[in-house]
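Let me begin by presenting the structure, written as structure tokens, before commenting on it.
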Amino acid sequence: MVEALTTNGTREVNTICGFCGVGCGLTVRVEDGVIQKVTGQKDNPSSKGEACIKGREGWRHLYSKKRLTQPLIRKEGELVPASWDEALDLVAGRFSEIKEEYGPDAFGMFSSSRSTNELNYLAGKFARTVFGNSNIDSCNRA
């Protein structure tokens, strides 16, 4: 990431878009710690100053009032705040119950081109060791 301070105190940060595997360059304009605008980075060899709608506008969800900030679990039909330990224990327990009742093929996993090779490898390893199957696919293929 390359950062430049502009004359009025805003910052412009050059980075790589994380929404797909193309590697488009983005320039992020930040004022008072808040993203104001994202544009394509002019000298990026992959995108040559262009950026798709996700790259230009995908940051807006960061500031949404609807964004979840803690785990929620369902109790008596209602979603209620929970600790991370409580939520993870619930998920692990349900995974075990489902696997016991329906077998390991009840699970599948979809990985992402936004992830690194290492994270995609770990997703496959997780499917094989935790789910007990190789039911994994990805949007990485062309």
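Within region 92-130, the set of residues being free of Cβ contacts under 8 Å to residues at least 12 places away in the same chain and either under 30 Å from Cys17 (Cβ atoms) or among the basic types (Lys, Arg) (or both) comprises Arg94, Ser115, Thr116, Asn117, Glu118, Leu119, Tyr121, Leu122, Lys125, Arg128.
The sole residue among Lys99, Lys66, Lys125 that is under 18 Å from the mean Cα position of the chain (by Cα) and among the basic types (Lys, Arg) is Lys66. Considering only residues that are loosely packed, with under 12 Cβ neighbours inside 10 Å and among the hydroxyl-bearing types (Ser, Thr, Tyr), look in region 85-113 and name the one that is modelled with the lowest pLDDT. Looking at the filtered set, the residue picked out is Ser96. Of all residues in region 1-20, exactly one satisfies the criterion of being of a type in the set (Ser, Thr, Tyr), assigned to a loop (DSSP other than H, G, I, E, B) and modelled with pLDDT of 85 or more, namely Thr10. Against the test of being touching a residue at least 12 places away in the same chain (Cβ under 8 Å) and loosely packed, with under 15 Cβ neighbours inside 10 Å, the options Gly9, Gly33, Gly77, Gly55 yield a single qualifying residue, Gly9.
Of the residues in region 131-142, how many are under 17 Å from Val22 (Cα atoms) and either in contact with a strand residue (DSSP E or B) (Cβ under 8 Å, 6 or more places away or on another chain) or aromatic (Phe, Trp, Tyr) (or both)?
Quick first cut of region 131-142, residues under 17 Å from Val22 (Cα atoms) only: 138-142.
Retained after the next criterion (residues that are either in contact with a strand residue (DSSP E or B) (Cβ under 8 Å, 6 or more places away or on another chain) or aromatic (Phe, Trp, Tyr) (or both)): 138-140.
Residues that pass the stated criteria total 3.
Output the residue which, of all residues in region 114-130 that are small (Gly, Ala, Ser) and in contact with a strand residue (DSSP E or B) (Cβ under 7 Å, 6 or more places away or on another chain), is surrounded by the fewest Cβ atoms within 10 Å (Cβ to Cβ). The qualifying residue surrounded by the fewest Cβ atoms within 10 Å (Cβ to Cβ) is Gly124. Per the conditions (1) touching a helix residue (DSSP H, G or I) at 6+ places or on another chain (Cβ under 6 Å); (2) at pLDDT 95 or above; (3) farther than 30 Å from Arg128 by Cβ, the sole criterion not satisfied by Val80 is (1).
Determine which member of the set Glu86, Glu78 is more than 22 Å from Gly18 (Cα to Cα) and in contact with a Pro (Cβ under 8 Å, 6 or more places away or on another chain). Please lay out each step first, then the result.
On the way: Glu78 fails: in contact with a Pro (Cβ under 8 Å, 6 or more places away or on another chain).
Just a single option satisfies the conditions, and that option is Glu86.
Based on this model, can you work out whether Thr15 counts as closer than 25 Å to Cys139 by Cα, outside the structural domain of Ser115 (by TED's automatic domain parsing) and either exposed (fewer than 14 other Cβ atoms within 10 Å of the Cβ) or not hydrophobic (A, V, I, L, M, F, W, C) (or both)? Considered against the rule, which asks whether it is closer than 25 Å to Cys139 by Cα, outside the structural domain of Ser115 (by TED's automatic domain parsing) and either exposed (fewer than 14 other Cβ atoms within 10 Å of the Cβ) or not hydrophobic (A, V, I, L, M, F, W, C) (or both), Thr15 comes out as yes. Scanning region 36-69 for residues that are touching a helix residue (DSSP H, G or I) at 6+ places or on another chain (Cβ under 8 Å) and either assigned by TED's automatic domain parsing to the domain that holds Cys139 or within 30 Å of Ala82 (Cα to Cα) (or both) yields a count of 1.
The values are calculated or read from the model by the stated rules, or taken from the named source; none is laboratory data. Just so it is clear, the model here is predicted, and its values are computed rather than measured. In this analysis, Cβ positions are derived from the backbone assuming ideal geometry, glycine residues included, and neighbour counts consider all displayed protein chains.
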